[in-house]
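Here the structure comes first, spelled out in structure tokens, and everything after it is commentary.
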Amino acid sequence: PGGRLRAAGQTAALGLLGAVDHLVSELAELGVRPEYGVTADAALLRELAPDHVVLATGGRPVDAAAFPGAAEGLVVDSATALAGGTGQRVLVYDTVGANEGALVAEALAARGLTVVFVTSAETVMPWGGQLHRAEVPAILRRRCAEVHTGGLLGDVDGKHVIVVRPDGDTLAELDVDT
């Protein structure tokens, strides 16, 4: 339970795991038995004839196919990055504008990696909590080598990445390991 959220345990958001554990204990108290990795097809639903079904499919990370031209192993998901699956120079690309990208960038930078944070949003974490929106941009600017807002990955060629604005103007050209 918790799926990809479990990776938060390696960031400043460690406390989120307590919420997952609490919800799992609430399910147990209510007599709900979660099942994982089950294909919920019509046959299973007829067999079980449940009163209710909660379908929690979880999140799926973007993979290298989203970045044609990227070198083998260049693109990794947050959990892999947090588990140590990066090189020294890391670009964290955030297209959601919530907590995950910024937390991963902060955690990797705290480990001594050279981190460039790029978000397509006009500000860092516009969909994060109010306190995070106030504090995290300054934290990232202190810890990361660079922070770019309003940026898109314009081209990825091997390990060379061009970050552009939506109008095509170049924000940065970077050589990264991950």
Top-ranked residue of the stretch 26-45 - restricted to ones that are within 27 Å of the chain's Cα centre (by Cα) and open to solvent by 100 Å² or more (accessible area, probe 1.4 Å), ranked as nearest to Thr80 (Cα to Cα)
Tyr36
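Rundown of residues vs (1) more than 27 Å from Ala134 (Cα to Cα); (2) at pLDDT 90 or above; (3) part of a strand (DSSP E or B); (4) touching a helix residue (DSSP H, G or I) at 6+ places or on another chain (Cβ under 6 Å), yes/no style:
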residue	(1), (2), (3), (4)
Glu35	yes, no, no, no
Glu72	yes, no, no, no
Thr86	yes, yes, no, no
Val118	no, yes, yes, no
Failed condition for Val164, given (1) over 16 Å from Gly101 (Cα atoms); (2) open to solvent by 50 Å² or more (accessible area, probe 1.4 Å)
(2)
Determine whether the stretch 7-25 contains at least one residue that is under 16 Å from the mean Cα position of the chain (by Cα), open to solvent by 70 Å² or more (accessible area, probe 1.4 Å), under 30 Å from Leu131 (Cβ atoms) and of a type in the set (D, E, K, R).
no
Search result, residues across the stretch 122-159 that are open to solvent by less than 20 Å² (accessible area, probe 1.4 Å) and not in a strand (DSSP E or B):
Val124, Met125, Gly128, Val136, Leu140, Cys144, Gly150, Gly151
Which of the residues spanning the stretch 46-70 are open to solvent by less than 70 Å² (accessible area, probe 1.4 Å), of a type outside the set (A, V, I, L, M) and touching a helix residue (DSSP H, G or I) at 6+ places or on another chain (Cβ under 9 Å)?
Gly58, Gly59, Pro61
For the stretch 71-81, which residues satisfy the criterion of being over 17 Å from Ala102 (Cα atoms) and either acidic (Asp, Glu) or surrounded by fewer than 18 Cβ atoms within 10 Å (Cβ to Cβ) (or both)?
Ala71, Glu72, Gly73
Restrict the check to the stretch 40-47 and report whether at least one residue is at pLDDT below 85 and outside any strand (DSSP E or B).
yes
Among Ala109, Ala43, Ala121, the single one that is without any contact (Cβ under 8 Å) to a residue 24 or more places away in the chain and among the small types (Gly, Ala, Ser) is Ala43
Every residue in the stretch 82-93 that is closer than 26 Å to Asp155 by Cβ and open to solvent by less than 80 Å² (accessible area, probe 1.4 Å), please.
Gly85, Thr86, Gly87, Val90, Leu91, Val92, Tyr93
Can you find even one residue in the stretch 20-33 that is touching an Asp or Glu at 6+ places or on another chain (Cβ under 8 Å) and either free of Cβ contacts under 8 Å to residues at least 24 places away in the same chain or in a helix (DSSP H, G or I) (or both)?
no
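The values are calculated or read from the model by the stated rules, or taken from the named source; none is laboratory data. Bear in mind that the values here come from a model prediction, so they are computed numbers and not experimental data. With ideal geometry, Cβ positions are generated from the backbone for all residues, glycine too; neighbour counts draw on all protein chains shown. Remember, those area values only see protein heavy atoms, side chains included, never the ligands or the DNA or RNA. Shrake-Rupley method; radii C 1.70, N 1.55, O 1.52, S 1.80 Å.
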